[in-house]
Amino acid sequence: MKNYDVVVVGAGPVGTTFARYMAETGFKVAILEKKKEIGVPLQCAGLLGKKIKKVNILPDDFIINSVNGAFLHSPNDTVLSVSKEKPEAYVLDRVGYDKFLAELASNSGVDILLNHKVVKVDSLNGIINLKNSENTKISADIIAGADGHSSIVSRSFNPPAESFQAAQYLIDAGEKRFKNDFVDLYVDSKISPGFFWAIPLSETTARVGLFADANYQNLTNYLHELISKRPELRGSTILKKYYGIIPKQDPNKSLVKERVILLGDAASQVKPTTGGGLIMGFTSAEIASKVTKKALEAEDIATLENYPKSYHDKFKKELKVQLMVHKVFKSLSNSDLDYMFRKLKEEGAEDIISSYGDMDTQSPLVKEMLKQGIIFSILPKMLSRGISSLWK
Ligand SMILES: Cc1cc2nc3c(=O)[nH]c(=O)nc-3n(C[C@H](O)[C@H](O)[C@H](O)COP(=O)(O)OP(=O)(O)OC[C@H]3O[C@@H](n4cnc5c(N)ncnc54)[C@H](O)[C@@H]3O)c2cc1C
């Protein structure tokens with residue numbers, strides 16, 4: 001049986017990043033990936049806040065477009081226009097980027113074994129069982145489950161993750177309809193706390209999608225409704241269709257058991273408000289690599305418990321705020337949403353959102369809106385009290 005210091009299950013972006021960090025510190029590392037090709041099919045809108053450049057290597061070659069702002073649409077189309085002077089987010093070639101991260105890992109000495117599907121993990125002894133490959137078993141001192149939303153590694157010590165469904169089309173409008181540096185986001189109570197997005201790749205093409213607590217048939221219907229209703233999308237040609245799953249954020253999930261840790265979507269490390277997982281996943285990969293390195297050096301797997309501790313210290317507060325925002329959105333009807341957008345516009349909130357808004361960290365904006373009394377004027381008393389209690 002082959003033995004490694006660290007085996008990572010899943011060659012997604014978070015798994016390959018963690019594997020690289022571990023190999024760079026001199027450990028013997030392998031990644032087991034069930035697919036034959038990394039990065040396909042695309043299951044991502046590829047919109048990443050500018051923080052991405054701080055939490056991972058991102059060569060400009062993988063940036064298709066830079067985004068400075070957003071048009072936020074209420075159901076009856078009150079539009080809030082928010083923006084910054086410099087790019088706030090990037091639209092990525094996710095397939096190319098996933099392959100690039102895998103190449104970096106490989107160059108650092110990681111063995112990437114494709115077509116290796118993990119079927120069982122023994123967390124106590126560090127044994128992994130594989131299906132349909134030359135090696136039926138591999139052992140490791142530490143196993144990292146980075147095997148995505150339906151993680152088999154997570155299910156060996158957690159209940160199955162709850163999730164949202166997502167659908168996305170690549171569309172071609174056939175003429176210049178998109179403002180290259182702005183994304184359009186549309187809210188509608190039938191999909192809350194999810195939302196629709198139109199993310200331009202160019203002035204004529206865009207990724208248009210949604211995530212929601214709904215089945216694929218309903219998602220498809222909602223997406224077609226949006227495309228036929230919106231003037232900027234109407235009559236577009238659908239070039240490609242993608243479907244995917246977004247795990248729901250779960251603050252109570254166990255991230256460690258004996259020799260096993262969880263990372264990325266497998267650990268439900270996603271932002272509640274947007275469903276985005278890359279920045280949290282990359283940040284967690286770095287935190288986990290430091291803890292794993294120490295555990296291996298000290299030959300003390302009990303210290304792996306420092307990983308969830310550091311992870312919660314880093315994200316707990318922000319996640320609490322985002323989960324509350326999420327709850328508020330879920331409770332609002334379309335007329336509440338229209339009222340809220342109208343009020344926000346009247347109260348000059350576009351400037352506040354432009355100044356304090358951040359794709360990845362929403363607590364400074366919510367705090368500022370509380371400070372300026374805006375939250376109290378747009379939400380029913382009970383909800384605004386709930387939000388303000390987060391800072392007490
Ligand atoms: C439609 C959609 C749009 C999104 N848009 C954004 C966005 O704009 N920005 C953002 O930040 N995030 C977005 N996300 C979320 C983002 O794609 C994920 O958070 C990210 O891919 C998580 O990376 P990961 O490495 O944890 O898992 P994954 O990318 O899911 O990789 C897991 C890997 O594990 C492999 N695997 C699974 N099971 C096994 C097994 N048993 N054995 C071996 N290998 C296995 C899989 O084949 C896969 O390669 C979106 C998601 C969807 C569905």
Compare the Cα positions of ALA349, ASN334, GLY386 along the charge dipole of the stretch 332-391 (+1 at Cβ of Lys, Arg; -1 at Cβ of Asp, Glu; about the Cα centre) and return the one farthest towards the positive end.
GLY386
Considering only the chain, what is the antiparallel percent among its DSSP beta bridges, to the nearest 5?
70
Can you run the Rg to Rh ratio on the stretch 1-43? Use alpha carbon positions and the Kirkwood inverse-distance Rh.
1.01
Order ILE31, ILE152, most accessible first, counting only protein heavy atoms with a 1.4 angstrom probe.
ILE152, ILE31
Sequence-separation-based contact order of the stretch 332-391, relative, with Cα cut under 8 Å and 6+ spacing, percent:
30
For the stretch 332-391, give the magnitude of the charge dipole about the Cα centre (Cβ charges: +1 Lys/Arg, -1 Asp/Glu; no others), in debye to the nearest 20.
320
Checking the cross-link filter: which lysines have an alpha carbon closer than 17 Å to that of LYS293, excluding same-chain neighbours under 8 positions apart?
LYS28, LYS257, LYS309
Which aspartates and glutamates have a Cα less than 15 Å from the Cα of LYS316, not counting those fewer than 8 places away in the same chain?
ASP250, ASP360
Percent RCO, i.e. relative contact order, over the chain, from Cα pairs under 8 Å lying at least 6 residues apart
19
Whole-number D in µm²/s for the stretch 332-391 (Stokes-Einstein; Kirkwood sum over Cα pairs; 20 °C, 1.002 mPa s):
180
Residue-normalised 222 nm signal for the chain, counting each DSSP H run of n ≥ 4 as -39,500 (n - 2.57), nearest 500 deg cm²/dmol, is -11000 deg cm²/dmol
Formal net charge of residues neighbouring GLY96 (Cβ-Cβ distance under 14 Å; K, R +1; D, E -1):
-4
Return the aspartates and glutamates within reach of LYS117: Cα separation strictly under 12 angstrom, same-chain partners fewer than 8 residues apart disregarded; answer none if there are no such residues.
GLU33, GLU134, ASP147
For the stretch 108-180, take the alpha-carbon Rg, divide it by the Kirkwood Rh, and send me Rg/Rh.
1.21
To the nearest Å, what is the center-to-center distance of the stretch 154-200 and the stretch 73-88, using C-alpha atoms only?
16
Please give the net charge around ASP122, taking every other residue with its beta carbon less than 10 angstrom from that of ASP122, where Lys and Arg add +1 and Asp and Glu add -1.
+2
Span per principal axis, largest first, for the Cα atoms of the stretch 252-335 (Å)
59, 20, 18
Residues with beta-carbon under 11 Å from that of SER106, excluding SER106: net charge, scoring Lys, Arg +1 and Asp, Glu -1?
0
Sequence gap at least 6, Cα distance under 8 Å: using those rules, report the relative contact order of the stretch 209-308 to the nearest whole percent.
18
Would you kindly compute the Cα radius of gyration of the chain and its largest Cα-Cα separation (Dmax), both in Å?
21.5, 67
What is the Cα centroid distance between the stretch 259-314 and the stretch 354-376, reported in whole angstrom?
28
Distance cut-off 24 Å, Cα to Cα: go down the list LYS50/LYS253; LYS120/LYS294; LYS54/LYS290; LYS54/LYS271 and report the pairs above it.
LYS50/LYS253; LYS120/LYS294
Taking the Cα centre of the stretch 103-256 as the origin, how large is its charge dipole in debye, to the nearest 20, when only Lys and Arg (+1) and Asp and Glu (-1) carry charge on their Cβ atoms?
400
Determine the dipole magnitude for the chain: charges of +1 sit on the beta-carbon of Lys and Arg, -1 on that of Asp and Glu, nothing else is charged, the reference point is the Cα centre, and the result goes in debye to the nearest 20.
700
Once amide H atoms are placed 1.01 Å from N in the peptide plane, what residues at a sequence separation of 5 or more from ILE64, or on another chain, have their amide H within under 5 Å of its amide H?
VAL91, LEU92, ASP93
May I ask you to work out the translational diffusion coefficient for the stretch 39-177 at 25 °C, viscosity 0.890 mPa s, via Stokes-Einstein with Rh from the Kirkwood sum over Cα pairs, reported in whole µm²/s?
130
Listed by chain and number, the residues whose amide H is under 5 Å from that of LYS117, excluding neighbours fewer than 5 places away on the same chain and using placed H, are LYS131
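The values are calculated or read from the model by the stated rules, or taken from the named source; none is laboratory data. Fair warning: this is a prediction, and the values are worked out from it, not measured in the lab. No Cβ is skipped: glycine too gets one built from the backbone with ideal geometry, and neighbour counts run over all protein chains shown. Heavy atoms of the whole protein, side chains included, go into the accessibility calculation; ligands, DNA and RNA do not. Shrake-Rupley method; radii C 1.70, N 1.55, O 1.52, S 1.80 Å.
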